[in-house]
Amino acid sequence: MSDLAQIQQNFAQALTESGTAPQLTQQIEAGVFSAEQKLQIYRNNFIMSLTDALQATYPVLAVMVGDIYFAQLAKAFIRQIPVQQPCISHFGDQLPQFMRGLESLEEHPYLPDLAQLEWYYSCQINRMPIMSQFPFTDFSKLDSTAQEHVVFTLNPSLVLFQSEWAVIELFQRIKRHLTEPEHATDPLQGFILEQPQCGWIKGSAMAEVEVQTCQPLLFKILQHCQQGLPFSQFSQDATQQGGPEIYSVEQLQMALQQLIASSVITSYHLAT
Amino acid sequence: MTILPNQVGMGLRAPHYQDLLSNQPDVSWLEVHSENYLDDASVQRHILRELSQHYPLSFHGVGLSLGSTDSLNLQHLKSLKELVNEFNPALLSEHLSWSSVSGRYFNDLLPIPYTKQSLQYFCQQVDQAQQFLGRQILIENPTAYLSYKDSTLTEWHFLNNLVAETGCGLLLDLNNIYVNSVNHQFEPLDYLSQINLSAVQELHLAGFTINEYDEGQILIDSHGSPVCDEVWQLFSWVRKLCSAPALIEWDSDIPDIEVLLAEVDKAKSVQERTQNRTGALENV
């Protein structure tokens with residue numbers, strides 16, 4: 001290993017843990033400040049700049065856990081999970097998974113789900129939404145045989161999300177509290193966490209993202225569509241998968257209309 | 001669009017997007033952090049497309065890690081090349097620093113020792129980057145809070161040699177020189193009189209913060225405050241010899257755009273005064 005490579009290896013070690021690179025401190029000019037003090041500036045920059053990046057991505061999570069815990073969480077994450085890209089726009093994608101392994105969060109098992117939802121939101125808010133109109137005219141021309149083979153396609157920006165806890169509503173409440181501080185009431189007033197929720201995250205306009213709960217039937221339809229299966233198979237598949245209900249044609253038609261009107265289903269193709 | 005000599009620009013930051021799009025204030029050019037615009041489908045890239053219709057651009061990178069002993073990240077270079085090909089910025093720059101080792105990135109500009117070995121290595125990396133990108137890049141002098149005992153070259157010698165070996169240009173950050181001069185106790189004019197000013201194609205002006213300790217103080221290159229008087233004086237000195245376009249940088253505690261525009265105006269005033277004085281002397 002070259003001298004330069006060795007210095008950089010030692011520097012990297014010193015950034016993640018103080019006092020771990022005595023070789024490096026011997027190579028640094030001391031003056032008014034010691035080599036270790038000078039390294040501490042870089043150590044602080046490393047942790048603080050990436051903490052700022054996490055704070056920008058996870059403001060709702062930061063509110064829920066408080067600034068002090070968030071800073072501790074960020075520091076542990078930054079030290080343990082190496083950044084593997086020069087561009088930090090995707091930094092923090094592994095935070096929800098990292099949180100699932102933390103003993104300190106065992107009493108708050110909904111928080112990793114909240115972080116996961118916020119990650120999806122943060123990804124969407126920085127992406128241009130893809131606008132498309134459902135091709136009603138072409139669809140209306142399909143004969144009954146063709147309709148049997150229709151596979152609905154979802155909005156490309158759509159992310160489906162479900163949790164054992166009401167984290168979608170929790171996210172909506174805290175987000176509103178952050179963006180509309182003039183509504184200064186307790187954002188969690190009347191909130192019930194212990195209820196499962198399903199829904200979606202979808203870009204709706206430039207720098208606007210829709211985070212929406214939906215009925216289980218709509219969610220099942222969307223999961224079915226996501227698998228690329230013909231819609232005509234939906235009822236049969238739902239029953240086979242242990243669904244208690246047999247859905248009426250009217251129920252399914254209403255659900256479809258709702259999903260198309262919400263630009264969640266944006267197109268279709270015919271299964272071969 | 002090209003950036004003309006003596007023009008003063010400002011760094012493009014997200015809080016000012018709307019002001020720039022709606023009001024198109026009188027600023028000659030914009031510098032962007034390349035890494036914020038690499039995603040072709042991002043809102044940021046869309047906004048940059050809009051702004052590029054009105055302002056010349058300079059792309060300033062922090063991710064190439066040219067001083068690292070890791071190989072250049074080809075995926076990152078490819079993304080950068082796509083960005084450069086789309087916008088054809090007037091200037092393209094990176095830093096005299098490293099930020100990754102063994103594939104781990106530290107999101108910071110870390111110091112290299114100024115030795116013949118690291119010069120040779122840095123030259124190879126710059127050569128490779130320029131060849132891949134198909135154009136010249138500028139290298140910025142960094143802020144360094146420490147120096148290595150093994151260094152055998154001064155920073156200006158290192159940069160001058162780099163220019164001679166690779167044909168790269170220089171981005172001279174006057175605030176970095178001032179911050180380093182205080183932290184490492186040297187005369188900034190010694191630096192400025194030794195650096196190859198003919199290779200300088202862009203100047204940076206920014207502010208710093210002061211961290212106080214029992215032992216003394218350290219200036220931190222925070223880019224979160226107005227340019228200080230001492231840096232304006234350095235700017236005035238450099239302007240007599242170098243007409244490279246100058247930039248107001250402000251990256252933390254970002255104020256309203258009016259504050260940055262006032263700094264832009266101040267830079268214009270300083271250089272006008274300098275040029276008038278120089279002209280008067282020439283007439284004599």
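Beyond 29 Å, what share of the Cα-Cα pairs of chain A remains, rounded to the nearest whole percent? Working shown, then result.
On the way: 18249 of 36856 pairs.
Tail fraction, whole percent: 50.
Between the stretch B:30-106 and the stretch A:36-92, what is the C-alpha centre distance in whole Å?
The stretch B:30-106 and the stretch A:36-92 have Cα centres spaced 22 Å from each other.
What is the local net charge at residue B:184, summed over the other residues whose Cβ is closer than 10 Å to its Cβ (Lys, Arg +1; Asp, Glu -1)?
Cβ neighbours under 10 Å give a net charge of -2.
Any idea what Rg and Dmax come out to for the stretch A:136-270 if you just take the C-alpha atoms, in Å?
Every Cα atom of the stretch A:136-270 included, Rg and Dmax give 17.4, 56 Å.
Quick one: which residues, 5+ away or cross-chain, put their amide H under 5 Å from the amide H of residue A:83? H built at 1.01 Å from N.
Those qualifying (amide H under 5 Å, at least 5 residues apart or on another chain) are B:105.
Given H placed on each backbone N at 1.01 Å, which residues far from residue A:127 in sequence or on other chains put an amide H within less than 5 Å of it?
B:43
Could you tell me the accessible area of residue A:16 in Å² (1.4 Å probe, neighbours in place), rounded to the nearest ten?
My reading of the accessible area for residue A:16 is about 20 Å².
Under 18 Å Cα to Cα from residue B:149, which aspartates and glutamates show up? Leave out anything in the same chain fewer than 8 places away.
Straight-line reach from residue B:149, under 18 Å: A:3, A:29, A:36.
Can you list the lysines whose alpha carbon sits under 26 Å from that of residue B:266, skipping same-chain ones fewer than 8 residues off?
Output for residue B:266: B:240.
Please state, as a whole number in µm²/s, the translational diffusion coefficient that the Stokes-Einstein equation yields for the stretch A:1-48 at 4 °C and 1.567 mPa s, with Rh defined as the Kirkwood radius across alpha carbon pairs.
In µm²/s, the coefficient is 119.
Just how much of residue A:176 is accessible, in Å², when a 1.4 Å probe is used and the result is rounded to the nearest 10?
In the full protein context, residue A:176 sits at about 120 Å².
I want to make sure I understand the PRE zone here: with the label point 7 angstrom from the Cα of residue A:52 toward its beta carbon, which residues in the stretch B:118-154 have backbone N atoms less than 17 Å away?
Backbone N within reach: B:143-145.
For residue B:78, what accessible area in Å² do you get when you roll a 1.4 Å probe over the heavy atoms of the protein chains, rounding to the nearest 10?
Answer for residue B:78: close to 100 Å² accessible.
Could you state, as a whole-number percent, how many of the C-alpha pairs of the stretch A:3-108 are farther apart than 16 Å?
Details: 3491 of 5565 pairs.
Within the stretch A:3-108, distances greater than 16 Å cover 63 percent of Cα pairs.
If you wrap a convex hull around the C-alpha atoms of the protein assembly as shown and split its volume per residue, what is the figure in Å³?
Details: hull volume 111.9 nm³, N = 556.
Hull volume normalised by residue count: 201 Å³.
Return the sequence-ordered ³J(HN,Hα) values of the stretch A:120-126 in whole Hz as given by the Karplus equation 6.51 cos²θ - 1.76 cosθ + 1.60 applied to θ = phi - 60°, using x for Gly and Pro.
Coupling constants for the stretch A:120-126: 4, 4, 5, 5, 5, 5, 9 Hz.
So who's got an amide H within less than 5 Å of the one on residue B:7, skipping anything under 5 residues away but keeping other chains? H placed 1.01 Å off N, in plane.
For residue B:7, the qualifying residues are B:246.
What does the charge count around residue A:168 come to, taking other residues whose C-beta lies under 15 Å from its C-beta (Lys +1, Arg +1, Asp -1, Glu -1)?
In short, -2.
Could you work out which residue, out of B:28, B:225, B:252, moves most in a Gaussian network model of chain B, that is, has the largest mean-square fluctuation with Cα springs under 10 Å?
B:252
Is chain B rounded, prolate or oblate when judged by the Cα gyration tensor, a ≥ b ≥ c being the square roots of its eigenvalues, rounded requiring a/c under 1.5 and prolate requiring a/b larger than b/c?
rounded
Provide the percentage of antiparallel DSSP beta bridges, counting only those with both residues in the stretch B:8-283; round to the nearest 5.
Close to 20 percent.
With θ set to phi - 60°, apply the Karplus curve 6.51 cos²θ - 1.76 cosθ + 1.60 along the stretch B:139-153 and write out the HN-Hα couplings as whole Hz, x wherever there is a Gly or Pro.
Residue by residue, the stretch B:139-153 yields 10, 8, 5, x, 8, 10, 8, 8, 10, 9, 4, 6, 4, 10, 10 Hz.
Using heavy-atom solvent-accessible surface (probe 1.4 Å) with all chains present, what is the largest-first order of B:60, B:157? Walk me through the intermediate numbers first.
On the way: B:60 0, B:157 80 Å².
Final ranking, largest accessible area leading: B:157, B:60.
Note down the relative contact order for chain A as a percent, whole number, built from C-alpha pairs under 8 angstrom at least six residues apart.
19
Given the pairs A:220/B:81; B:78/B:116; A:202/B:78; B:81/B:116; A:141/A:175; A:38/B:116, which span a C-alpha to C-alpha distance of over 32 angstrom in this model?
Beyond 32 Å between Cα atoms: A:220/B:81; A:141/A:175.
With Cβ to Cβ distances under 13 Å as the rule, what net charge do the other residues near residue B:8 carry (K, R +1; D, E -1)?
Here the charged neighbours net out to -4.
For the A and B pair, go ahead and give the buried accessible area with a 1.4 Å probe, both sides summed, in Å² to 100.
Roughly 3900 Å².
From the P(r) of the stretch A:86-144, could you give the percentage of C-alpha pairs in the tail past 18 Å?
Working: 989 of 1711 pairs.
Value for the stretch A:86-144 (Cα pairs over 18 Å): 58 percent.
Which value at 222 nm does chain B reach when only helices count, each DSSP H run of 4 or more adding -39,500 (n - 2.57), with the total divided by all residues and rounded to the nearest 500 deg cm²/dmol?
Helix-only estimate at 222 nm: -13000 deg cm²/dmol.
The values are calculated or read from the model by the stated rules, or taken from the named source; none is laboratory data. Small disclaimer: the values here were computed from a predicted structure and weren't measured. Neighbour counts are summed over all protein chains in view; Cβ atoms, including those assigned to glycine, are modelled from backbone coordinates with ideal geometry. Remember, those area values only see protein heavy atoms, side chains included, never the ligands or the DNA or RNA. Shrake-Rupley method; radii C 1.70, N 1.55, O 1.52, S 1.80 Å.
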